[in-house]
Structures are given as structure tokens and as C-alpha cells.
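Everything below concerns the one structure shown next.
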Amino acid sequence: MAKRAKRGKTEALALPVAGRVAIGAVAAVALGYGLLWRPASVQPIRKQAAHQVPAPSSPTPSTPVLVSAPVQAPASVPVPIPAPALRVETPKAADAPGRFVRQVVDYVSHQTPGTVVIDTGNTFLYLVLNDGQAMRYGIGVGREGFTWSGEQTVARKTEWPDWRPPAEMISRQPYLPRFMTGGPGNPLGARAMYLGDTEYRIHGTNKPDTIGKRVSSGCIRLTNEDVVDLYDRVKVGAKVIVLPAPAASVLAEK
């Protein structure tokens, strides 16, 4: 009887221990089940600011990425501004008709080289070079009633001469100035060669279109280029022969 009671007591104590073990096993299974089925933690997604642009992901070394060069707009080409045309002054001698251009011609004369012969009728001046040649210049001569003839000598020479119209000219043309200083606007032009003690001169002109015409008051005029050339060739004291208009003719010219 005592043995049965002791065994019953032992079984009564063993039951709670077994229960506790079972409960612990169930709890462990439940814990493992919960761990297996727990979803992965989710990181919160940060919103990008509206003004930020996500940086492109770096390409993998195995995949080359071709980046084209930026296309630049063609630079505007400045339109070249044409330079003003250069102003080239045409020689005054070229303004006169071709036959009045200064040139060496055949001219038979027994006058001393350096002598000036004025062919009033044909509006030519000859500077004798030798027995068979002369330098010929186109000239303007006196208008009708103001021509003259004879022999004179070059009394003096002046560069860019002043102009003092003689009293006879002023009486005919009272509007003329009493004096005009030398210069490009002066009617006597670039050079003047005074003939003896007369009022006549061989001089230049600022009106080259009058070469070959009868417009002066008796003076002989050349273009400024021609009178400079003649001025350098003619010496003071040189003879000047003015042929009368009706009889004036070229002695020999080819």
C-alpha cells in the first residue's frame, strides 16, 4: 500500500514536467515558424526633390557606352564689309583727246634743241629735241581776236605762280579777282614760263578740258602734268617761236 502511494506521487510529479517540456517545444516551433514567415524589413523610399535629376548609373565595364559629342550651333559668320574703293586720280593728260597726249614725234627743224615752237592753228607746242624729232604737247590758245605771233624768250620760270590779271583783262572782265595766290585752284596751274616783257605766259591750267580749244586771252596753256614736264626741260633764255595761225603748220610729222 505504501509502495502504490509512492508511485502515484511520483507520476503526479512527472506529469507537470512533461507538460512543461511539451509546452516549451510548442513555443519553440511557433517561434521558428514566425521567424520563417516574417517579411523582410522595407526601407522607406525617399522622394527626390523636383529640381534634382537622378545621376545615371555607371555602365558596367563589359558594356561600352558611346557618347556623341555635343552638337554646337554654327558660329555666325560676320558679313565682310567691302572696303571703300581706292580713289585713283586719272592723269589730267588722259582727259584731253588722244591726239593731244604728250609724245615724241618726227619733226624736221633747223632750230637749236630746246627751242619751243607754238603751232597756234593746230593747237600744238613742239619742244625741239634734235634735227628730226620734237616732244609734242597739246595746248589751248587765245580765242579769236587774242592770237599773236612772233619770237620771244623765256624770261623767268615760277612754280605754282600767283595770278595778277592785267589791267586790260580786268577792264573786260571786272568780276575777276585782283590777286590770287598760287595753288591748285589758280588759273595759271602748277608752273608758268613768262615770255619776255609781255603779259603772255606758257602755263598750266586747272581746266584740262580746254586743251585743244581757243579760250585764253593770248596765253598758251597745257595740262598741269605737261607743263611740269615742259618746265623741267626748258631753260631760262630759251627761244619761243609763235607761228601765226593761218601759216602755222607741222613741218614734218609722221
How far apart, in nanometres, would the label points at residue 178 and residue 101 be if each is projected 7 angstrom from Cα along the Cα-to-Cβ direction?
4.6 nm
Between residue 233 and residue 110, what FRET efficiency comes out of the Förster formula 1/(1 + (r/R0)^6) with R0 = 22 Å and r the beta carbon distance, rounded to 0.05?
0.70
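Quick note: the coordinates plus some simple rules give every number you see, no bench work behind them. Everything numeric here is computed off the predicted structure, so don't read it as measured data. Ideal geometry is used to build each Cβ from the backbone, glycine not excepted, and the neighbour counts take in all protein chains shown.
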